[in-house]
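Everything on this sheet refers to the single structure shown next.
The values are calculated or read from the model by the stated rules, or taken from the named source; none is laboratory data. The structure displayed is predicted, hence computed values, not measured ones. Don't worry about glycine lacking a Cβ; one is built from the backbone with ideal geometry, like all the others, and counts go over all protein chains shown. When the accessible area is computed, the model is the full protein with side chains, heavy atoms only, and any ligands, DNA or RNA have been set aside. Shrake-Rupley method; radii C 1.70, N 1.55, O 1.52, S 1.80 Å.
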Amino acid sequence: MRKPVMAGNWKMNCDNEEACKLACAVVAGMGDPGAAEVVLGVPATALTTVVGCTEKSPVGVAAQNMFWEESGAYTGEISAKMILSTGAQWVIIGHSERRGRFGKLEAGWTDAHVAYFGDSDVTVNAKTKKAIASGLKPIVCCGELLSERQAGKADAVVSAQVKAMLDGISAADAAKMVIAYEPVWAIGTGEVCDADEADRICGIVRQTVAEVVGQDVADGMRVLYGGSVKADNVEGLMAKPNIDGGLVGGASLKAEGFIPLIKAAAASVA
Ligand code: 13P
């Protein structure tokens, strides 16, 4: 039995006051999550605040990115050690917004313009290794662009991303990861991936994990779906055998949007 994970990704939202209010409202309203794990992915500036607001609750706190070096001349970056020093235990790695996989370009822009943060399969792998070695729990993201889906390449793209994130990672370390499948075209668009299709691709993620590090790790791996998850579609997603939770953007920014998702994750194993 895999423990479901319902993770919010607040992205670049919430100053410290707003973060405290939102985290406190989630804690106050969520009830007992049972076997489900609840994680709030908050801006780096709010990590300490949210750790404080959630410390007497089962809610875990995640950073939204990290750098793979311990310390040094890397202006603007934060290390795994720094994240851990706030009390946070999780980190989101390789989100499509950090990989620059937006799926749309402003007029006159090229891929280079939208790859703001430069994450690639190689850097995602380096960050994942460092997170695990440091004792952080990584939620590592994959997902295809609309153009890749339309070209019939979704399965191959996702499988290649999963192979790349696992490169050089032992089975014992891979067992500490959570993988999130987020089709880029479903992020922030209101266009949820059909639950059967999300389940099918999460199954491909699991099968790829099995090929690289073995069936045992694949059987225990939590695979989350992300992309326009909300109260009216969460139950259908959570009912699927290969979907072990959600990575949620917009609906995690209000307690009344996120609490039903926590309850659905809890109910899925009740
Ligand atoms: P939305 O839930 O807003 O579509 O965002 C999904 C996401 O990117 C979570 O990481």
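Looking at the stretch 247-265 only, could you name the residues that are buried (at least 22 other Cβ atoms within 10 Å of the Cβ) and charged (D, E, K, R)?
Scanning the stretch 247-265 gives a single hit, K263.
Checking I187 against (1) of a type in the set (V, I, T); (2) closer than 27 Å to V50 by Cβ; (3) open to solvent by less than 20 Å² (accessible area, probe 1.4 Å), which single condition isn't satisfied?
Of (1) of a type in the set (V, I, T); (2) closer than 27 Å to V50 by Cβ; (3) open to solvent by less than 20 Å² (accessible area, probe 1.4 Å), only one is false for I187: (3).
Picking from V59, V42, V38, which residue would you name as being of a type outside the set (S, T, Y), open to solvent by less than 30 Å² (accessible area, probe 1.4 Å), under 24 Å from I259 (Cβ atoms) and touching a residue at least 60 places away in the same chain (Cβ under 8 Å)?
Within the list V59, V42, V38, the selection yields V38.
Can you name every residue in the stretch 128-173 that is open to solvent by 20 Å² or more (accessible area, probe 1.4 Å) and touching a strand residue (DSSP E or B) at 6+ places or on another chain (Cβ under 7 Å)?
K137
From the residues in the stretch 2-54 that are part of a loop (DSSP other than H, G, I, E, B) and touching a Phe, Trp or Tyr at 6+ places or on another chain (Cβ under 9 Å), which one is farthest from the ligand (Cβ to nearest atom)?
M30
Do we find that E69 is within 30 Å of M221 (Cβ to Cβ), touching a strand residue (DSSP E or B) at 6+ places or on another chain (Cβ under 9 Å) and without any contact (Cβ under 8 Å) to a residue 24 or more places away in the chain in this structure?
no
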